[in-house]
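What follows is a short report on a single structure.
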Amino acid sequence: MKPAPFDYYRPSTLEETLQLLTEFEEEAKIIAGGQSFIPILNMRLSEPGVLVDINQLSDLEYITVEDGYLKIGALTRQRTLELSSLVQQHVPLLSEALPFIGHLQTRNRGTVGGSLVHADPSAEIPLALSVLNAEVVLRSTEEIRTVEIGDFFLTYLTANILPHELLTEIRIPSANILPGYAFVEFSRRHGDFAIVAVASQLAADQDGRIHSGRLALGGIDAVPVVADDAINILIGRQPTDELINQALELALEDADPDDDLHASREYRLQLARVLAKRALLTAYERALKRR
Amino acid sequence: MDKVLRDEKMVVRVSINGTVVEDTVEPRKLLSDFLRENCGLTGTHVGCEHGVCGACTVRVNGKAIRSCLMFAVQADGSEIVTVEGLAAEGRMHPLQQAFSECHALQCGFCTPGILMSSVELLEQAHVPDRHEIIEMLSGHLCRCTGYKGIVDAIEKVVGDKSQ
Ligand SMILES: Cc1cc2nc3c(=O)[nH]c(=O)nc-3n(C[C@@H](O)[C@H](O)[C@H](O)COP(=O)(O)OP(=O)(O)OC[C@H]3O[C@@H](n4cnc5c(N)ncnc54)[C@H](O)[C@@H]3O)c2cc1C
Ligand code: FES
Ligand code: FES
């Protein structure tokens, strides 16, 4: 038997779940899709005393558009999101990002909420939601907390969520969705974690001048890097090679990628430049078509 | 709410390849080990045990998933199909036939998992192209064939189906 023994709880309602989390605090770990957490258990890198399995909470599997938001239940499977026509129609950026996550077989089970709480610095969902400036809803027996995505990722594999809290919903404000978008990434093989991934959104006016935009880079720091300063250079202008290069120097000024098994620091930075340029140009082309 | 303490066992009732199976297991027992050890279905292979190789892929409620990344207790009440469930009445599934004809296997370690993912692909509404087949295969490691035979075999069955 691979994982160490644990007490297993399978609540069937949100209330029961929150009660359990309050009762056990640090002792308990939530299991959603299990695609990140079960490998950790199998290798005994973690030996929690209590496992709270939230897979019965089917109320947390939904995708809806209401009150000016696209709302995604935390337990929505990544594969469901990938195939959702609602998502394709409203947030094509997300549809473009999803096929990069692992493999069809892991997306069939992996959830949107699990990916966020796992907070891998090169994960696709955290990056896409960063460029969309989404919000996450955290619930406990005491309160409901809404956190902007920019405040959610603290460092490597660490999110701004307390042991007694459950992530229940992700909200993308419709107003944050821009017409031009692109999600690009480079990994050793399809389905591997990204070495670098970039997400971008742009809107352009009648004369092709950029009037708003966002750029987020993954794999170059402990959390997704949102480069607002870089975008500010492009605002009010038509993007030229020179202008983009200038913007990207600024975007990468503070980036602090690690050397690791997969890539050196320099390689990651160079890759970030190349991919960010590609993402900006693709987003710009699409913005022009959808003016 | 279900609750099982660490040294207790829980009843798991599943349908495997059309037959209802009931047994009691510790909550930490992986579905892959349940299939092999409790059910004697050793066609489901176990390679890496952390989700990377795809050898342990089975279908749970129609979806291809890693059985090493799911606990047996989580499968309670579901319908499971393993590679043993593919052949019907002693006749190989068209995919198995095609794998044999296209030399899509050598040692056969990866084959059961690949077959189970491929069946899901075949059941989609649209006919998958070569690119989609390759993308599905990215979830499986084969150390023997170089993949060409595998892609050919799946493409052959997809082609036959679409005619
Ligand atoms: C072979 C392989 C390749 C992969 N490649 C990629 C990749 O390229 N990109 C990528 O982004 N991911 C990748 N992953 C990981 C991805 O598949 C996981 O689905 C995801 O990281 C975690 O989601 P999960 O639902 O499986 O969560 P789990 O593994 O169940 O949980 C992950 C963590 O989140 C916590 N948690 C889960 N849900 C909640 C909630 N609602 N509230 C509070 N806490 C919660 C858990 O306690 C745990 O700490 C890969 C996995 C495998 C096995
Ligand atoms: S044994 Fe399950 S993926 Fe390798
Ligand atoms: S046939 Fe040997 S691993 Fe695939």
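The values are calculated or read from the model by the stated rules, or taken from the named source; none is laboratory data. Keep in mind it's a predicted model, so treat the numbers as computed, not measured. Here the Cβ positions follow ideal geometry from the backbone for every residue, glycine too, while neighbour counts run over all protein chains shown.
Residues that are among the polar types (S, T, N, Q) and part of a strand (DSSP E or B) were ranked within the range A:141-183; the one that is surrounded by the most Cβ atoms within 10 Å (Cβ to Cβ) is A:168. Residue B:104 meets all of the listed conditions (1) within 16 Å of ligand 3 (Cβ to nearest atom); (2) farther than 28 Å from residue B:161 by Cα but one, namely (2). Residues of the range B:63-70 include at least one that is within 22 Å of residue A:78 (Cα to Cα) and more than 12 Å from the chain's Cα centre (by Cα). Selection of first residues in the range A:90-108 that are without any contact (Cβ under 8 Å) to a residue 60 or more places away in the chain and of second residues that are more than 9 Å from ligand 1 (Cβ to nearest atom) and charged (D, E, K, R), restricted to Cβ pairs under 6 Å at least 6 apart or on distinct chains, gives the following pairs, ordered by first then second residue: A:98/A:82; A:107/A:79; A:108/A:79; A:108/B:63.
Listed by first and then second residue, the pairs with beta-carbon distance under 6 Å, at least 6 apart or on different chains, first residue in the range A:182-196 and closer than 13 Å to residue A:97 by Cα, second away from ligand 3 (no atom under 16 Å from the Cβ) and among the hydroxyl-bearing types (Ser, Thr, Tyr), are A:182/A:200; A:182/A:282; A:193/A:122; A:194/A:122; A:194/A:187.
Among the numbered criteria (1) surrounded by fewer than 19 Cβ atoms within 10 Å (Cβ to Cβ); (2) hydrophobic (A, V, I, L, M, F, W, C); (3) farther than 22 Å from residue B:37 by Cα, which one does residue A:43 miss? Every condition holds for residue A:43 apart from (3). The number of residues in the range A:184-200 being outside any strand (DSSP E or B) and crowded, with 17+ Cβ neighbours inside 10 Å comes to 5. The set of residues from the range B:33-48 being in contact (Cβ under 8 Å) with a residue 12 or more places away in the chain and more than 16 Å from ligand 3 (Cβ to nearest atom) comprises B:33, B:34, B:35, B:38, B:39, B:41. For the range A:126-140, the count of residues that are closer than 22 Å to residue A:270 by Cα, among the polar types (S, T, N, Q) and assigned to a helix (DSSP H, G or I) is nonzero.
Taking the range B:59-92 as the range and being hydrophobic (A, V, I, L, M, F, W, C), more than 10 Å from chain A (Cβ to nearest Cβ) and away from ligand 3 (no atom under 16 Å from the Cβ) as the test, the residues that pass are B:72, B:75, B:80, B:81, B:86, B:87, B:88, B:92. Of all residues in the range B:139-150, those that are closer than 20 Å to residue B:101 by Cβ have Cβ atoms under 6 Å from Cβ atoms of residues that are part of a loop (DSSP other than H, G, I, E, B) and within 16 Å of ligand 2 (Cβ to nearest atom), 6 or more apart or on another chain, in B:140/B:54; B:140/B:110; B:142/B:110; B:144/B:107.
The criterion of being out of contact with any Cys (no Cβ under 9 Å at 6 or more places or on another chain) and more than 10 Å from ligand 1 (Cβ to nearest atom) does not hold for residue A:35.
Inside the range B:110-163, residues that are surrounded by fewer than 18 Cβ atoms within 10 Å (Cβ to Cβ), more than 16 Å from ligand 3 (Cβ to nearest atom), within 11 Å of chain A (Cβ to nearest Cβ) and assigned to a helix (DSSP H, G or I) make up a count of 3. Considering the range B:29-50, and only residues there that are within 9 Å of chain A (Cβ to nearest Cβ) and touching a strand residue (DSSP E or B) at 6+ places or on another chain (Cβ under 7 Å), the residue that is farthest from residue B:82 (Cα to Cα) turns out to be B:29. You will find that of B:20, B:83, the residue that is of a type outside the set (Lys, Arg) and surrounded by 16 or more Cβ atoms within 10 Å (Cβ to Cβ) is B:83 and no other. The single condition among (1) outside any strand (DSSP E or B); (2) away from chain A (no Cβ under 14 Å); (3) under 28 Å from residue A:30 (Cα atoms) that residue B:23 does not satisfy is (1). Give me the helices (runs of 4 or more DSSP H) completely within the range A:1-115, filtered to those with at least 3 residues that are at pLDDT 95 or above and within 13 Å of another protein chain (Cβ to nearest Cβ), ordered by residue number. Here the list reads A:14-24, A:37-42, A:78-83, A:104-107.
Take the conditions within 14 Å of ligand 1 (Cβ to nearest atom) and touching a Pro at 6+ places or on another chain (Cβ under 8 Å) and apply them to residue A:140. Does it pass? No: the conditions fail for residue A:140. For residue B:13, the stated conditions do not hold, so it cannot be described as surrounded by 15 or more Cβ atoms within 10 Å (Cβ to Cβ) and either away from chain A (no Cβ under 12 Å) or assigned to a loop (DSSP other than H, G, I, E, B) (or both). In the condition set (1) over 26 Å from residue A:98 (Cβ atoms); (2) touching a residue at least 24 places away in the same chain (Cβ under 8 Å), residue A:277 is compliant with all but (1). Scanning the range B:46-60 for residues that are within 9 Å of the chain's Cα centre (by Cα), near ligand 2 (Cβ under 7 Å from one of its atoms) and hydrophobic (A, V, I, L, M, F, W, C) gives B:55, B:56. Name the one entry in A:272, A:203, A:222 that is part of a helix (DSSP H, G or I) and among the small types (Gly, Ala, Ser). Unique residue meeting the criteria: A:272. Screening residue B:65 on (1) crowded, with 19+ Cβ neighbours inside 10 Å; (2) over 22 Å from residue A:110 (Cα atoms); (3) aliphatic (A, V, I, L, M) shows it passes everything except condition (2). The number of residues in the range B:50-59 that are free of Cβ contacts under 8 Å to residues at least 24 places away in the same chain and either away from ligand 1 (no atom under 11 Å from the Cβ) or farther than 15 Å from residue B:141 by Cα (or both) comes to 0.
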